[in-house]
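Just so it is clear, none of the values below were taken in a lab; they were calculated from the coordinates. Fair warning: this is a prediction, and the values are worked out from it, not measured in the lab. Note: ideal-geometry Cβ built from the backbone for every residue, glycine included; neighbour counts use all protein chains shown.
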Number of protein chains: 4
Amino acid sequence: MFNSFGNILKLTTFGESHGIAIGGVIDGFPAGIKVDFDAVQQELNRRKPGQSKIVTQRKEPDTVEFLSGIFEGFTTGASIGFIIKNTNQKSKDYNHNTDVYRPSHADYTYDKKYGIRDHRGGGRTSARETANWVVAGALAKQLINHIKINAFTSSVGDVFMSKPYQELDFSKTESTIVRCPDEASAKEMIDKIQEIRKAGDTIGGTITCVVQNVPVGLGEPIFQKLHAALGQAMLSINAVKGFEFGSGFCGAKMKGSEHNDLFNPDGTTQSNLSGGIQGGISNGMDIYFRVAFKPVATIMQNQTTTNSKGEATEIHGKGRHDPCVVPRAVPIVEAMTAMVLADFWLMNKMRK
Amino acid sequence: MFNSFGNILKLTTFGESHGIAIGGVIDGFPAGIKVDFDAVQQELNRRKPGQSKIVTQRKEPDTVEFLSGIFEGFTTGASIGFIIKNTNQKSKDYNHNTDVYRPSHADYTYDKKYGIRDHRGGGRTSARETANWVVAGALAKQLINHIKINAFTSSVGDVFMSKPYQELDFSKTESTIVRCPDEASAKEMIDKIQEIRKAGDTIGGTITCVVQNVPVGLGEPIFQKLHAALGQAMLSINAVKGFEFGSGFCGAKMKGSEHNDLFNPDGTTQSNLSGGIQGGISNGMDIYFRVAFKPVATIMQNQTTTNSKGEATEIHGKGRHDPCVVPRAVPIVEAMTAMVLADFWLMNKMRK
Amino acid sequence: MFNSFGNILKLTTFGESHGIAIGGVIDGFPAGIKVDFDAVQQELNRRKPGQSKIVTQRKEPDTVEFLSGIFEGFTTGASIGFIIKNTNQKSKDYNHNTDVYRPSHADYTYDKKYGIRDHRGGGRTSARETANWVVAGALAKQLINHIKINAFTSSVGDVFMSKPYQELDFSKTESTIVRCPDEASAKEMIDKIQEIRKAGDTIGGTITCVVQNVPVGLGEPIFQKLHAALGQAMLSINAVKGFEFGSGFCGAKMKGSEHNDLFNPDGTTQSNLSGGIQGGISNGMDIYFRVAFKPVATIMQNQTTTNSKGEATEIHGKGRHDPCVVPRAVPIVEAMTAMVLADFWLMNKMRK
Amino acid sequence: MFNSFGNILKLTTFGESHGIAIGGVIDGFPAGIKVDFDAVQQELNRRKPGQSKIVTQRKEPDTVEFLSGIFEGFTTGASIGFIIKNTNQKSKDYNHNTDVYRPSHADYTYDKKYGIRDHRGGGRTSARETANWVVAGALAKQLINHIKINAFTSSVGDVFMSKPYQELDFSKTESTIVRCPDEASAKEMIDKIQEIRKAGDTIGGTITCVVQNVPVGLGEPIFQKLHAALGQAMLSINAVKGFEFGSGFCGAKMKGSEHNDLFNPDGTTQSNLSGGIQGGISNGMDIYFRVAFKPVATIMQNQTTTNSKGEATEIHGKGRHDPCVVPRAVPIVEAMTAMVLADFWLMNKMRK
């Protein structure tokens, strides 16, 4: 219940950052789908640490091993088990934290909730968990490869990529290490992150995701509205503080006469402030949404805090951490989007 | 699956705006809780149409009838069935729309998904459904009455209530018809809505919700993080386009050194940009979040659109609609918040 | 969770025997299915009390009212809400039991579990609940009307209908009040029940259910095997003590060389001890299973028992009870079978 | 959905008999429970092949590796991932079956359902899967170690152990290789199995399970009745054809005056034909039930069958198979019983 995601296409995960391995089970994946293993690994590589100068310098190969559900290159309809071994867990980087609650981490809440603390790092709360999601999402992408999912970094701190997404060339997203398809903005963002890193600090940002070629009819009212499922998925990603789709928070300032998307006779709409979803169901227009990430909590500066005995103390970040999670979160946003869409696409087949 | 909300405390609903009745089943509600029926009706009255000059002038008594699960004033542990009869459905207000897709409504997507259209109004997509949620939420509030849930209108169009919530007196929320506890802002908001209504237009807005006295430990990682569940709940409400908690989208512009909430020795934090939730689990500080509502789609102006035969046509709103949904959505936000918290509170008891 | 049945086609119910109404919500029912309301009522009539001399003489009209999800005679894809009003609840028949635990009823366990007791009769434990199931099952039958479901009384006490089901004419099931299609056996069973009733006693029995024209491929391993879902459904019916399918308990005495169903080249099998299900999935042969019902616990004789204060006392059944539940349970078995099959039939469509 | 078992304590599994590994994820297991790893392995040893002369002579070490959720010997509240590597999969034993449908196996139904066949053996349908269940069940047993679960072989073919369970010494179950605590019966059963094996045949049997020290109040009406959940669990085990609890099928022949369990003033009952469950809820008396297993389908004899091209052919069992699954199924029955009880025990805590 708590470690599962999805309705029909269901991912159940396990694993801590400093355990033997993380992994998961993908249930409900249809039989007979050819698996492109390289594409899966490619997605993991986009997420993995050490890939560029603006992300954490930890090195983890992040190699997925599929244990079941795939036979001679095709899915069999059985549950797909997989693991990713943890090869580079330097617990000693973290050992100084044994008893101290790191500010704006989950140390305190986990300790209070579970009465036990895995002090080898984030444990289950580590964003390492999202490698599991990327594996599942990569398979989901292959299942619904007629739908195009493109996420990109749309802001870092106060550096915003301000072009409308229609003017972007998504094939360029991967050509900049910050994963912003607009080169000028990308350069500014990279500079910002490097400046922040030098200060021993971290910075937040946003990711925008655009989904194209979506069939009409995905989404299940009342409580599985497509945008509610996407929101829940995005809010499950570590460090996310907000989600908006279509006109989003801007829409709250608008008038109905400005906001309504007038229909063309073919069912398309003249504008798309709805963000491709009406009444919780896709209408065939582009779906787009924006996700807010807070700055990483681990900073290379002194901070006052407390420990489990209630003593005031100081903490100074060590370890190898990201100055900004946004570039590495782009494939995670895409993966969870793919999981949601594939799930709803399967559910929709029951209606034919 | 599709018409149910919650994990343990589960609401399953049915009903269309122009059918005989709407209603639902509340499952998992503990036995032995004394039910305050007046308090339930009170919440329904906060949501119902016709309550003030700035909302729709439809009159619906919205009287709930409990059919089961309550005996001699106490819950029995059995599922609680209830209905709310539809007494004032003027289908003729809507009949002119039989075949026309209203802009930014769900007519088109429902027709395409289900191949059938209940043209008596919004059918299942009508916000009338949320009366069911208010009933369930009112019971949930009684279950967790040690937790204080206060939602209020924080903006209407470009009129923002800018005080920090700590300076507000929540007992004043109900004293203004727009449900903003700051009188000066409330007056501006009311003026704005009246101006918009006169123009035959509608306007969006935001609701802020503050939850106090939350026990530490509510929330179930990884995929039932407390804020993800709240987000999913809010995004299920009609017209919602965005959700943010704690620092939200502002947090995406901040540095870690600014954003981190430093711990006091007693486990409280000096700031609360986390919004009372860390790692998906409540930390005992106030939970607060903000919800964006788009303007109502039905406007009293001419709009071009299409019909089910793909013919271009015009539509002019009739019927009795809200110029701004936000004032009536305040109790809905509270109700869904109560449902989420009660659900997680029950789940947390399994850990003792 | 607790009052819901099914995966995709999901029934959620409420209601007590002596409350205002019972009812439910059917979720996941596809759109565009024409509803035969008479056929639904017909199924309710098969279950209702007072229909013959061998069942309880209580009179309840058991009229279902559909409140949503059906428009102009067709399902809309929205959740289907319905209620059945309780019109003839003579609480006074039961009031003498206020504080006494009736032997082999659920009074004691409910009181201990919930700490509260609805002493107006069985409350939520009453088999009246199964009227809800019959409504849902009647709709499910219409959804999968290509599949033929035939249940019948196969034994009452030690009177067994010993013909193989292949020799029976299922169209005769309804022509005997005990619902056994073999006239000679039916007569014996009726005599047995009348003899038992005169003695103020009750008697158990079994129902056999045969499902024909089942498509190959229904059933979801590992934990939603078709027979496991059927078993869970049957064991949910009041008074059921056992379930077996295909060779059942007899199969446990057999050798593999006797038990194996050899394949014909067309995929059919020469024998069918598998009972139409292999590896949890239907193989296209007839599905058949048998359900054991214990005797009704309420007897018109003196019994020693205890009350909630732990005092020894006596009880003597009053009220109008069935001497044997089996005849009225036949439509319930069919209804739950239809629910399971329709659910799996919908799930299977996701694989096309 | 399909590969998960349980409500709150949830096991999700994966793996084929001839893949790299099988395994699973246990979700909802409470934090702070000390894990007895030896006890887990002990249970696996009871299930594993090659343990005695009356079971298959395949050798598999069946060593479980826990990958997460346990830290310094205690559960952490995080999901518990585990794998069991397949070390001795002799695919060549099975290769001759590539295209042939083995009688009374799931080859045909899987092929028809999924359109793809893992011909390396049973694939996902192999009873090897149940090793996963034994791991989860062993942990569940440790969680509810105040409840005593004792399963044993109660018949093999027509050899029945006829003593009432109250006269048995459960500590002797493991002292006979057939797992029957009555030595005389055990000897007869073993002889029967050896005779059957020599004939190249297989034989069915039954397992009885007795659960003692059960707290009052486990079970969740209406659709999670304790016995329905147990039945669904047992019917999920490979080769199971029937389930009965308490009086079971015998109860269907009885009169109410014989069958009713009269209460003693302390709430215990004078008899226990209810089998410790009334209205779906445990009443504190012993729970007991019986499970029917058909004979293993693979026999060392010629059988006629068909292949995927619809050609008649012959098959002759090879490989190393069990002549009777019952002795090895005893720990599986216990494991699934433990899973169900632990799940309901956790759910019941929500009511305090």
>> How many angstrom lie between the Cα centre of the range A:107-126 and the Cα centre of the range D:206-260?
In response: 40 Å
> How far is D:E65 from itself in the other copies, in nm, if each label sits 7 Å out from Cα along the Cα-Cβ line, shortest first?
Replying inline: 0.5, 6.3, 6.3
>> Using a 7 Å offset from Cα along the direction of the beta-carbon, what are the separations from C:E314 to the same position in each other copy, nm, ascending?
In response: 7.4, 8.6, 8.7
> Using a label position 7 Å from Cα in the Cα→Cβ direction, what is the ascending list of nm distances from C:G115 to the same site in the other copies?
Replying inline: 2.1, 5.2, 5.6
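Between A:N302 and B:K59, what FRET efficiency comes out of the Förster formula 1/(1 + (r/R0)^6) with R0 = 56 Å and r the beta carbon distance, rounded to 0.05? Could the numbers behind the result be given before it?
Details: r = 63 Å, r/R0 = 1.12.
Efficiency at R0 = 56 Å is approximately 0.35.
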> Tilt of helix D:183-198 relative to the longest C-alpha principal axis of chain D, in degrees (0 to 90, nearest 10)?
Replying inline: 20 degrees
> If contacts are Cα pairs under 8 angstrom and at least 6 residues apart, what is the relative contact order of chain C in percent?
Replying inline: 22 percent
>> Of the candidates A:N283, A:N260, A:N238, which one comes out as most mobile in a Gaussian network treatment of chain A with C-alpha springs shorter than 10 Å?
In response: A:N260
>> Taking every alpha carbon pair in chain D, what does the distance histogram look like in 20 angstrom bins from 0, in percent?
In response: 29, 57, 14, 0
>> If you filter the range A:1-108 for GluC sites (Glu not before Pro), then keep DSSP loop positions with at most 11 other Cβ within 10 Å, what is left?
In response: A:E72
>> Need the C-alpha centroid separation for the range C:320-334 versus the range D:316-337, integer Å.
In response: 38 Å
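Kirkwood Rh, Cα Rg: Rg to Rh for the range B:1-74?
Values: Rg = 14.5 Å, Rh = 14.4 Å.
Expressed as Rg/Rh, it is 1.00.
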>> Can you give me the Kirkwood hydrodynamic radius for the range B:79-199, using every pair of distinct Cα atoms, in Å to one decimal?
In response: 18.1 Å
> If one takes the longest principal axis of the Cα atoms in chain B, at what angle in degrees, from 0 to 90 and to the nearest 10, does the Cα axis of helix B:226-235 lie?
Replying inline: 10 degrees
> Per-residue HN-Hα couplings for the range C:244-251, Karplus 6.51 cos²θ - 1.76 cosθ + 1.60 at θ = phi - 60°, whole Hz, x for Gly and Pro?
Replying inline: 9, 10, x, 5, x, 5, 4, x
>> For the protein assembly as shown, place one equal point scatterer on every Cα, skip the solvent, and apply the Debye formula. What is log10 of I(q)/I(0) at q = 0.04, 0.05, 0.08 Å⁻¹?
In response: -0.23, -0.37, -0.98
> Which distance in nm do the two modelled labels at C:D158 and B:S52 give, with both placed 7 Å along the Cα-to-Cβ direction?
Replying inline: 7.8 nm
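Going through the cross-link list A:K141/B:K113; C:K253/D:K309; C:K85/C:K318, which pairs have a Cα-Cα distance over 28 Å in this structure?
Numbers: A:K141/B:K113 23 Å; C:K253/D:K309 34 Å; C:K85/C:K318 23 Å.
Flagged as over cut-off: C:K253/D:K309.
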> Cα centroids of the range A:270-312 and the range D:285-314: how far apart, whole angstrom?
Replying inline: 54 Å
> Pairing the Cα long axis of helix C:130-143 with the longest principal axis of chain C, what angle in degrees results, from 0 to 90 and rounded to the nearest 10?
Replying inline: 20 degrees
>> If you consider only alpha-carbon coordinates, what radius of gyration and Dmax does the range D:174-264 have, in Å?
In response: 17.5, 53
> Out of the range A:1-60, which trypsin sites (Lys or Arg not before Pro) are coil in DSSP terms and have no more than 13 other C-beta atoms within 10 Å?
Replying inline: A:K53, A:K59
